[in-house]
Each structure stands twice: as structure tokens, then as C-alpha cells.
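What follows draws every value from the coordinates through simple rules; no lab data is involved. The structure presented is a predicted model; accordingly, all values stated were derived computationally and were not measured. Backbone-built Cβ (ideal geometry, glycine too); neighbour counts: all protein chains shown.
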């Protein structure tokens, strides 16, 4: 151990030296505080929303249209519906990056109809690539464990077989979001990162009965973009679905009613809960698509209050017949 | 003045022992560590987002309760695909989403579920859901509300059936669902094994007869008796209502029964339900002479009949023919099950 050096004498020079150091230290801390000072303070939520709104993924020069086709084979139904709408190339351009928002809510086998059928996922992904898409992403924030949901529903394998990439809802992919003029979607976690990475959004959803909302179709499918304790929205289920209709302006939605879950939704659990309604609806107005899909559940627009609420918010029309392609 | 030192001697301010070299290096190391921590905090806080934090905290949250082996995990021919998951009332919707409300209204306490794969064919799997309710009536309520009309009854339990890919039964306070990944005979056989093992592990004493025994047998549609826990017929005060479907000669109606806490409560509820129907456009209809003391209301081209007898609230819902509805109400009224 080294010998302890004797303390310096406390003379004038020593004093001035200490004074200078103390002054510099104070100035440094002050400068650091100055650098951290947020002169504007936290911005109101409305300002955040207005400053960074979700883009409108719909194609502006296209009128809202809707096609209804019938058949027992999902791939053929998708092909026929898109042909009626002018083909996938009307929606997807060369180099587009596309997000397929599926319903992978439950770790359930595809035959139960609780999730988007894998045949729909693979077929639509292939059509996107054929239309020139550069990248196709598939995502959802399921109710159950995400990896299990994507695997057991067959969606992960279907996406992979078509060359699409599954994006799991990891925490880092969420951002707080406030829907402009929204009442429920305010400063709420949104699965935003996949939406930032794409030019087009296509919703792929099954037709299901829903114990709370009456139906889970194209609009309810956007619920899977929310994070956090979203089950609190079940108390205002119609309002949240109407706000979701305003939140996402998709390029296209495809509602698969080849088999419809007519009871015990949204989980089902038995093949007896399914009815072979053999119908697929595709369109650019999700409100109209759901209005058309209500009949597959033996319901009317009046049975599903969120449809008229969404219409009043300006998200679309329940008069789907006016949009039907001939 | 001697003895008083007015000026400190040179070096008095520095009388403290100077730190050693080791102490200096230790101090520098501590300061460097603090600086690194401060830098880390600064970087982390600059990336902080309450939304991400909220989502992460929700998604990584463990199940509400530690598994308690509600159901056996050792089943011949089946291999667990993972540990059991458990959910309570606060987390039930994390598993079954919007259907949670059905269970919560019926007295849900906990859910334990677990997936099993066939030992000799892991691609085939099934999932067992054990819902524990606060009373057997709650288990029957969720069972009956979801009963599949084309399913095959099973003799495993008093209330049990099998569908192409699933098995459903009530055992005491438990509602058991077993759902397969496919419709196969092998999986069906394993489902029955699983159900049988569960029943053996959860014996129940002979249950006391409830309102189900009071429905007239004539014209009763098979497997139509159900229990609605809350908000029956759209009237929020009608809870714990047993219903049964009847049909004959092109006529149809639904009978309902509910034992209340007292005759007074049954009478009050009968009156309130009649008022509710009248509020929504119903019209009183005079019951024919000789009919039991019932209130008859015509609404939406159908008939509603309601009465109280002892502690029983009873009636007929949506009868498409007045005479048929009154005949059914008369049989219900004549039933001796009411406690005065």
C-alpha cells in the first residue's frame, strides 16, 4: 500500500481552486438540467393523435364496392369474389407491402371456425404476391397465447407456405394511440408496428356468432389490433366496434362464411355450432360487408347495433345492396 | 487573551486524513458504475412507452391462479402438451373472450384447461376445460345454454352429450368440455376416457331435485330444459329461470319456472314481469272462466302467461296459440311442487 500523501495547505490558492471546481460542477449540472428541460411539456392526446394518425389504406380512386359469391371451396370463393371486384391487381400494386389482419384469436383447430381459415390466408397471400406485392405480413393479437394460436389454427403454416411472414404481437410492436374524436380508443396500446411497415391492409375474418356483440365479422376483427386490458371494452362492445370501424380504413376485407359459427360464439367448440352457409363476401366497405354477412347468422342490421353506429361515424354504409357489383 | 485561539492554524481545514490510492480507485469505480446506471436509466426512460408497458404486463402476466390439479393430468393414451392453465373471474376473457359473460353471470369461480396429444399420434390433440361454478345450478346453466341440438346423449353423467369433435357434461359444480382437434373415433374414445377419469376423481352426492322435475312431461321437447342465469326474456330482474320447450299439433310454447326466496318475492316478480310486458306494448287478455289465476298478455302476435304459486314464479313464454298456452299454464299450476 502506498503511503498517504500529506494534505495540501489550506491557503488562498487552494480555496480559489475549490471554488472554481464547485462553480464548474454547478454549471455542469445546470446545463444538464437545461438540456433535459421539455419546454413544451406533455402534449394533449388529441394533438398526439392528430400528429401521427393511422394512414388510410383504402384506394382513394376506387368507389366502395362489394361482391358476394357462393361455394363450398374457400380458394375458389376468394378467386371468384376478387374477380368480381376487378382482380387483386386493382388493390395491390407492384412493390406493395401488404398486411393480412387475420382472426387468430384462439388456439383452436381450423375446423371449428373460430379463427380465419388457413386456406383463406394462403390463397390471399399468393394472390397478393401474384399481383406484385413485395412483402406480405400476417398478424393478430390473439386472446390466447399468440404462438399457440398461430400454430394450432394452422395460420402460421399457411402463411409460411405462401411466403408470407407472421408477425407476433410482441410488446415492442405496440404504441399508445388515440383515435381522433374517439371515446374509448384513447391512449390505448395499438399493434402499430406492422401497420407502419405496410402500404395495404386486408382484413380476413370468419363469420361468427358472438355472445356480447351478436356477431364477430370484418369490423370485430380489428379488435385484434388492440392490446392492454381490452376486455374492459366488452361493457361497451358496440361502441368499441364502431370506433374500430373508424380506426382502420382497409384496402379490402374478405369475410369467409363458407362455414359460419351460428351459435356459442366466439369460441364455439363443436362442429354442430357451424352451418355450411357457403358464402364469401369481399368488399372495400367493411360496414357494408358486415351488414351483408349478418344474414349468414340469421340476423339483421337491427340485431347488430354497432353497424348503424359505425355508419353514423362515417365509417361506411349498412346499405350493402347499393355497393353490390353486378 | 491566553487560551483563546482566534485564528485557525494553517492546514486546520485539511486535517481530515487524505484518502488512500485504493480508496480513490474504489470511489472512481463506484462513480463510474453510477454513471453507467444513470446512462442506462436515461436510455430506458427515453424509450419508455406506457402502451408497450401495459401490453407487456398484460401478456406476460402469469395465469390468475397457480394450477391446483383441478383435474387429473395422467390419462392413459394421452400426453400433456403443457401444464394446466388456470383463469379466474378477472382473467376468464383472456381465454374465451366474449363468452366469459355467460359464465360470469352463472356464478363462475375458476377455469382450468389443458391440452393433451394422443401418445401414438401427437398431431391429434384435445383440450379439456374444467369450469368450476359456485353451485351445480350454475354448471347446468352454462351447459344447457350451449347444448348442441344434434348431439348424442351420454350416460356418463345425468347431463352429458357428445358431438362429432367434443364432449360436454355437468358433474356437480363442474362443467366439463373436451374439444378435439378433429372428428375421429380415436379422439372420441380418449375424450370418454378423460371424462370418466374426471368423474371418478370428482364424485358428487345425489343432488336435490330442482325445478327441472316440475315441468310436465307431455309435449316436452327432448333435451330442451335450460337454465338462464340472468336477464331472461330481456327482463333484467328475471334471474335463475328454468325453461322448457313444448310443441303439439303445430302449436308451440316455452314453459318457465323459478323457485324464489319467498312467496312474496315470487308474487312481486310476477307482477313486475307483467308490467314490463305491458310497458313494451303488451295488452292484457282476460283469462277464460275456470282458468287458474294467471295474467295473460298478448304481445307481438304471441301470448305471455305469468303467475305465482307459493314460492314458484311460473308461466308460459311466446305461445303461438292462446288455448295451447293456457293448457300448458294450467298443467304447470297444477304441479304440486310449490312451497306455500
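Observations on the model:
- Spin-label proximity, residue A:59 to the stretch A:74-92 - amide N less than 16 Å from point 7 Å beyond Cα toward beta carbon: A:79-92
- Against chain A, whose longest principal axis is taken from its Cα atoms, helix A:74-84 shows a tilt of about 90°.
- Distance between the stretch B:17-40 and the stretch B:263-340 - C-alpha centres, whole angstrom: 86 Å
- The Cα center of the stretch B:235-253 and the Cα center of the stretch A:269-326 differ in position by 30 Å.
- Gyration tensor verdict on the protein assembly as shown (Cα atoms; rounded if a/c is under 1.5, prolate if a/b is larger than b/c, oblate otherwise): prolate
- With R₀ fixed at 22 Å, the C-beta to C-beta distance from residue A:299 to residue B:301 puts the FRET efficiency at about 0.60.
- Rounded to 10°, Cα long-axis angle of helix A:118-130 versus longest principal axis of chain A: 80 degrees
- Per-residue mean of foreign Cβ neighbours for A:267-279 is 5 (Cβ atoms of other chains, 10 Å radius).
- Average beta carbon contacts from partner chains per residue of A:139-145, 10 Å cutoff: 3
- Between residue A:157 and residue B:44, the distance separating the two model label sites (each 7 Å from Cα on the Cα→Cβ line) works out to 4.2 nm.
- Computed [θ] at 222 nm, deg cm²/dmol, chain A (DSSP H ≥ 4; -39,500 (n - 2.57); rounded to nearest 500): -9000 deg cm²/dmol
- Between residue B:192 and residue B:210, full extension at 0.36 nm per residue minus the direct alpha carbon distance yields a gain of 3.7 nm.
- Global geometry of the stretch A:45-323, whether rounded, prolate or oblate, following the gyration tensor of its Cα atoms and the 1.5 cut on a/c: rounded
- Förster radius 41 Å - calculated FRET efficiency between residue B:121 and residue A:89 (Cβ-Cβ, nearest 0.05): 0.40
- Footprinting exposure proxy for B:125, A:188, A:34 (fewest neighbouring C-beta atoms within 10 Å first): A:34, B:125, A:188
- Which of A:306, A:70 has the fewest Cβ neighbours within 10 Å, and the rest in rising order: A:70, A:306
- Residues listed by number, the stretch A:16-41, amide nitrogen under 17 Å from residue B:24 label point at 7 Å toward C-beta: A:18
- DSSP-defined antiparallel bridges as percent of all bridges, the stretch A:45-323, nearest 5: 50 percent
- Shape call, the stretch A:44-197: gyration tensor on alpha carbons, a/c limit 1.5: oblate
- Using the Cβ-Cβ distance between residue B:184 and residue B:278 with R0 = 41 Å, the FRET efficiency computed as 1/(1 + (r/R0)^6) comes to roughly 0.15.
- For residues of B:97-106, the mean tally of beta carbons on other chains within 10 Å: 6
- If the segment from residue B:220 to residue B:264 were pulled out straight at 0.36 nm per residue, it would be longer than the present Cα-Cα gap by 12.9 nm.
- DSSP beta bridge pairing in the protein assembly as shown, given as percent antiparallel to the nearest 5: 80 percent
- Cβ-based exposure ranking for A:252, A:127, B:328, in which fewest neighbours within 10 Å come first: A:127, B:328, A:252
- Pairwise centroid distance, computed over Cα atoms, of the stretch A:172-187 with the stretch A:133-150, Å: 20 Å
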